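S.K.: What follows is a structure written as structure tokens; I'll ask about it next.
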């Protein structure tokens, strides 16, 4: 069952297709949600009920969406009783979903070197954006995906077969799905995982950006999602190298549809500072307007 909300949002009873468990209590949830899948864009998210006994919904970023098959994938890590209850749900169960919500990423055609930076549970929008960029006609964007985590990644990394000039020696771990899509990726962690860059993912991005010429930097645009300190570091990179940067903010949300104004952040605009709601005015903002 699905019905329109406010002309753009959809309230939908979504069926759980599968739950895939990974280390450190991480899960990838696939939902049969055709209304949401038909309209989802990289950077948008859903607000869903974790369990009938828990009234408060949880916001989760969309990691993938198949418009034709009508499913969406969500990555989450158990934090609190709500997501623990969601992890206990089984295939065939139904969850209430509002979505897709929020303003998505908007890559600039004149900036084909897209650098996608994801940290922790901020990884999903980067995978979604990479998949959409991959679907562009030949000669479009050329994404590079950089991911960081201090816990095991929610996939099984493997050495990359795709060469990325400017990468630090020994940084070879990659995401298999992106390798299958012929999209280069590299991983960063301070946890000592094999093949990963030893440091923060923004430090890895900085080393790669530092290897580029001025002409190459003129083609670069950064996209980032993750913890606030990581997003602030991405904004610093954008300033240092003179490249645009879009960030997807992570904030606690109550309603998720702009009514409660509980997720507001200060944003610099041409008319001065303003308070914007992450759920509907974002979650994607120009990094230099926020940081």
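The values are calculated or read from the model by the stated rules, or taken from the named source; none is laboratory data. Because the structure is predicted, anything quoted here is derived from the model rather than measured. Heads up, the Cβs are rebuilt from the backbone with ideal geometry, glycines too, and the neighbour counts pull from every protein chain shown.
S.K.: Within the bounds of the stretch 141-153, is there any residue that is modelled with pLDDT under 95, over 18 Å from residue 124 (Cα atoms) and in a loop (DSSP other than H, G, I, E, B)?
M.R.: If we filter the stretch 141-153 for residues that are modelled with pLDDT under 95, which is where we start, we get 141-142.
Narrowing further to those that are over 18 Å from residue 124 (Cα atoms): 141-142.
Still in the list and also in a loop (DSSP other than H, G, I, E, B): 141-142.
Checking the stretch 141-153: at least one residue is modelled with pLDDT under 95, over 18 Å from residue 124 (Cα atoms) and in a loop (DSSP other than H, G, I, E, B).
S.K.: Restricting attention to the stretch 79-91, does a residue exist that is assigned by TED's automatic domain parsing to the domain that holds residue 186, under 18 Å from residue 20 (Cβ atoms) and at pLDDT 95 or above?
M.R.: Narrowing the stretch 79-91 to residues assigned by TED's automatic domain parsing to the domain that holds residue 186: none.
No, the stretch 79-91 has no match at all.
S.K.: Quick one: residue 211 ticks every box in (1) touching a strand residue (DSSP E or B) at 6+ places or on another chain (Cβ under 7 Å); (2) more than 18 Å from residue 159 (Cα to Cα); (3) exposed (fewer than 15 other Cβ atoms within 10 Å of the Cβ) bar one, so which box is it?
M.R.: (1)
One line per residue, one yes/no per condition, for (1) crowded, with 22+ Cβ neighbours inside 10 Å; (2) part of a helix (DSSP H, G or I); (3) touching a strand residue (DSSP E or B) at 6+ places or on another chain (Cβ under 7 Å); (4) in contact (Cβ under 8 Å) with a residue 40 or more places away in the chain:
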| site | (1), (2), (3), (4) |
| --- | --- |
| 202 | yes, yes, yes, yes |
| 207 | no, yes, no, yes |
| 224 | yes, no, yes, yes |
| 236 | no, yes, no, yes |
| 246 | yes, no, yes, yes |
| 250 | yes, no, no, yes |
| 259 | no, no, no, no |
| 266 | no, no, yes, no |
| 284 | yes, no, yes, yes |
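S.K.: Considering each of 111, 57, 30 in turn, give the residue that is more than 15 Å from the chain's Cα centre (by Cα) and within 16 Å of residue 284 (Cβ to Cβ).
M.R.: Working: 57 fails: within 16 Å of residue 284 (Cβ to Cβ); 30 fails: within 16 Å of residue 284 (Cβ to Cβ).
Unique residue meeting the criteria: 111.
S.K.: From (1) surrounded by 21 or more Cβ atoms within 10 Å (Cβ to Cβ); (2) on the phi < 0 side of the Ramachandran plot; (3) touching a strand residue (DSSP E or B) at 6+ places or on another chain (Cβ under 7 Å), pick out the condition that doesn't hold for residue 99.
M.R.: Exception for residue 99: condition (2).
S.K.: Residues to consider are 129, 178, 133; find the one that is closer than 26 Å to residue 67 by Cβ and either in contact with a helix residue (DSSP H, G or I) (Cβ under 7 Å, 6 or more places away or on another chain) or not in a helix (DSSP H, G or I) (or both).
M.R.: Working: 129 fails: either in contact with a helix residue (DSSP H, G or I) (Cβ under 7 Å, 6 or more places away or on another chain) or not in a helix (DSSP H, G or I) (or both); 133 fails: either in contact with a helix residue (DSSP H, G or I) (Cβ under 7 Å, 6 or more places away or on another chain) or not in a helix (DSSP H, G or I) (or both).
After ruling out the rest, the residue left standing is 178.
S.K.: Out of 148, 120, 70, I need the residue that is in the same structural domain as residue 162 (by TED's automatic domain parsing) and over 27 Å from residue 262 (Cα atoms). Which one? Spell out the reasoning first.
M.R.: Values: 120 fails: over 27 Å from residue 262 (Cα atoms); 70 fails: in the same structural domain as residue 162 (by TED's automatic domain parsing).
After applying the criteria, what remains is 148.
S.K.: Looking at 130, 53, 65, can you tell me which residue is surrounded by 23 or more Cβ atoms within 10 Å (Cβ to Cβ), free of Cβ contacts under 8 Å to residues at least 60 places away in the same chain and under 28 Å from residue 15 (Cα atoms)? Please lay out each step first, then the result.
M.R.: On the way: 53 fails: surrounded by 23 or more Cβ atoms within 10 Å (Cβ to Cβ); 65 fails: free of Cβ contacts under 8 Å to residues at least 60 places away in the same chain.
After ruling out the rest, the residue left standing is 130.
S.K.: Given (1) part of a helix (DSSP H, G or I); (2) surrounded by fewer than 18 Cβ atoms within 10 Å (Cβ to Cβ), where does residue 122 come up short, assuming only one miss?
M.R.: It is condition (2) that residue 122 fails.
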